Amino acid sequence: MAGRSGRDFIRPELTDLIPLPTGSELFVLPGRRPVGIEPASGEAVNLDCNPENPSQGIRAVAAFMAPAHTAILSAAFEKKRADVPVLPLFAYTAVGWYRDQFWVCGFRSDSDPRQEPDRFEPENIRNKTNKRLKQFPANRLIQHLGKCSLTYGCPAAVNYFMEKWEAPLPTSPVCNASCLGCISLQPSGCCPATQDRIKFTPSPEEIAQVAVPHLKRVKKGIVSFGQGCEGEPLMQAKTIEQAIKLIRQETANGTINLNTNASLPQEVASLAEAGLDAIRVSMNSARPEFHQKYYRPKGFSFDEVRQSIAAMKQKNRFVSLNYFILPGFTDDPDEFEALCRLVEDYQPNLIQLRNLNMDPDWYLDEMNYTSTAPPLGITNWFRQLKEKFPALRFGYFNPPLR
């Protein structure tokens with residue numbers, strides 16, 4: 001078995017392999033050949049046919065790991081031609097087969113069970129979702145979340161209807177960035193978005209009608225603005241501010257969180273003043289030039305992102321970095337140093353180890369990325385971060401704060 005770090009193929013360490021987590025998926029990769037390690041020489045080999053039956057064709061395979069798991073190596077493949085279509089917006093982890101089971105190069109990065117695939121019976125999800133949809137036919141946000149639950153199986157929407165953990169509060173049909181890996185809006189002819197973006201801005205009252213009962217009923221409950229089915233929530237900051245005030249008039253329970261590109265620090269400061277407890281800042285890189293290339297921002301820069309973090313910390317609020325992991329890029333020594341400087345200067349509380357959901361070739365090409373030194377390796381990168389910043393927390397999900 002081979003894995004991939006950046007553009008290099010390597011043999012995984014045995015300690016980097018775990019059984020394929022329950023709830024993961026396997027993808028064949030059209031137009032791509034698998035790469036393996038030749039046992040005798042230890043060299044990477046591009047396979048163009050099934051070695052056990054040369055008359056058969058062959059295609060590369062990748063794993064899309066279940067939530068709460070982070071990749072150590074990407075899937076090892078090479079494109080048959082330069083013009084093969086870009087892969088859909090998923091993460092592609094190295095996977096192998098040994099002793100009657102699949103193994104992946106990854107690790108469990110959060111013990112929280114909030115998105116375990118077997119946590120609810122499908123029939124129960126359907127019944128509870130439909131019941132609430134009938135109860136609130138005039139609430140557009142609840143109706144939207146019903147589609148997310150029943151059509152897409154969105155774990156956050158499901159948790160809302162099942163009254164568990166974290167409930168989503170999508171608010172914004174527009175965005176001030178054109179992210180390469182946006183999962184709710186892609187240009188025609190590119191890889192398809194994985195879900196439909198919300199087409200309206202809910203009222204503060206509609207938002208509160210979702211959030212207040214959830215925070216009152218759910219122990220250590222969370223509600224979060226900024227979801228995969230919307231643009232940038234800060235574009236609707238005034239609506240969110242009014243919603244937060246309505247929520248806090250009704251209950252002091254739970255955590256109000258904002259998942260954001262952190263582009264508008266003045267709006268972040270106003271939301272913190274209104275009662276926002278936490279933000280999760282999406283970030284592909286701690287280096288401004290790569291952040292710019294991925295987010296393709298409209299009217300903001302990485303400096304505004306840093307200012308937004310500072311605005312929350314000045315109010316003694318909780319800050320997570322939603323730090324996209326791509327082996328060979330994330331653990332580049334220059335990237336590691338840039339992340340360390342960011343942590344030292346702005347003191348985020350937690351790093352969420354989320355896999356980058358993009359075709360790795362597309363991403364590296366668009367970044368025009370060339371390494372100047374060997375990568376640290378994700379395992380070593382993780383160990384060094386924990387040693388350097390003992391107070392820094394790591395995970396995968398937004399944590400409850402009360």
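Checked against the criterion of being outside the structural domain of Ala91 (by TED's automatic domain parsing), buried (at least 16 other Cβ atoms within 10 Å of the Cβ) and more than 29 Å from Phe77 (Cα to Cα), segment 368-390 has at least one qualifying residue.
Using the structure shown, decide if Lys238 is free of Cβ contacts under 8 Å to residues at least 24 places away in the same chain, out of contact with any strand residue (DSSP E or B) (no Cβ under 8 Å at 6 or more places or on another chain) and surrounded by fewer than 24 Cβ atoms within 10 Å (Cβ to Cβ). Yes.
Report whether or not Phe318 is within 26 Å of Glu366 (Cα to Cα) and of a type outside the set (Val, Ile, Thr). So Phe318 fails the test.
Looking only at segment 307-362, residues that are touching a Phe, Trp or Tyr at 6+ places or on another chain (Cβ under 6 Å), more than 16 Å from Pro399 (Cβ to Cβ) and not hydrophobic (A, V, I, L, M, F, W, C) come to 2 in all.
Quick grid of which residues meet (1) surrounded by 20 or more Cβ atoms within 10 Å (Cβ to Cβ); (2) farther than 23 Å from Arg32 by Cβ; (3) at pLDDT below 95; (4) under 27 Å from the mean Cα position of the chain (by Cα):
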| site | (1), (2), (3), (4) |
| --- | --- |
| Met65 | yes, no, no, yes |
| Ala71 | yes, no, no, yes |
| Ala91 | yes, no, no, yes |
| Cys105 | yes, no, no, yes |
| Ile125 | no, yes, no, yes |
| Gln135 | no, yes, no, no |
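State whether the residues of segment 315-325 include one that is more than 19 Å from Leu258 (Cα to Cα) and in contact with a Lys or Arg (Cβ under 7 Å, 6 or more places away or on another chain). Checking segment 315-325: at least one residue is more than 19 Å from Leu258 (Cα to Cα) and in contact with a Lys or Arg (Cβ under 7 Å, 6 or more places away or on another chain).
The set of residues from segment 126-153 being under 16 Å from Gln209 (Cβ atoms) and among the aliphatic types (A, V, I, L, M) comprises Leu133, Ala138, Leu141, Ile142, Leu145. Residue check: Gln186 meets all listed conditions (1) at pLDDT 90 or above; (2) assigned by TED's automatic domain parsing to the domain that holds Ile247; (3) surrounded by 17 or more Cβ atoms within 10 Å (Cβ to Cβ) but one, namely (1). Please specify each residue of segment 288-309 satisfying the condition of being buried (at least 19 other Cβ atoms within 10 Å of the Cβ), under 19 Å from the mean Cα position of the chain (by Cα) and outside any helix (DSSP H, G or I). Answer for segment 288-309, where residues must be buried (at least 19 other Cβ atoms within 10 Å of the Cβ), under 19 Å from the mean Cα position of the chain (by Cα) and outside any helix (DSSP H, G or I): just Pro297.
With respect to Ser263, determine if the residue is hydroxyl-bearing (Ser, Thr, Tyr), touching a Leu at 6+ places or on another chain (Cβ under 7 Å), assigned by TED's automatic domain parsing to the domain that holds Ala211 and buried (at least 20 other Cβ atoms within 10 Å of the Cβ). Considered against the rule, which asks whether it is hydroxyl-bearing (Ser, Thr, Tyr), touching a Leu at 6+ places or on another chain (Cβ under 7 Å), assigned by TED's automatic domain parsing to the domain that holds Ala211 and buried (at least 20 other Cβ atoms within 10 Å of the Cβ), Ser263 comes out as yes.
The values are calculated or read from the model by the stated rules, or taken from the named source; none is laboratory data. Values in this document were obtained by computation on a predicted structure and should not be read as measured data. When we count neighbours, we look across all protein chains shown, and the Cβ atoms used for this are built from the backbone with ideal geometry, even at glycine.
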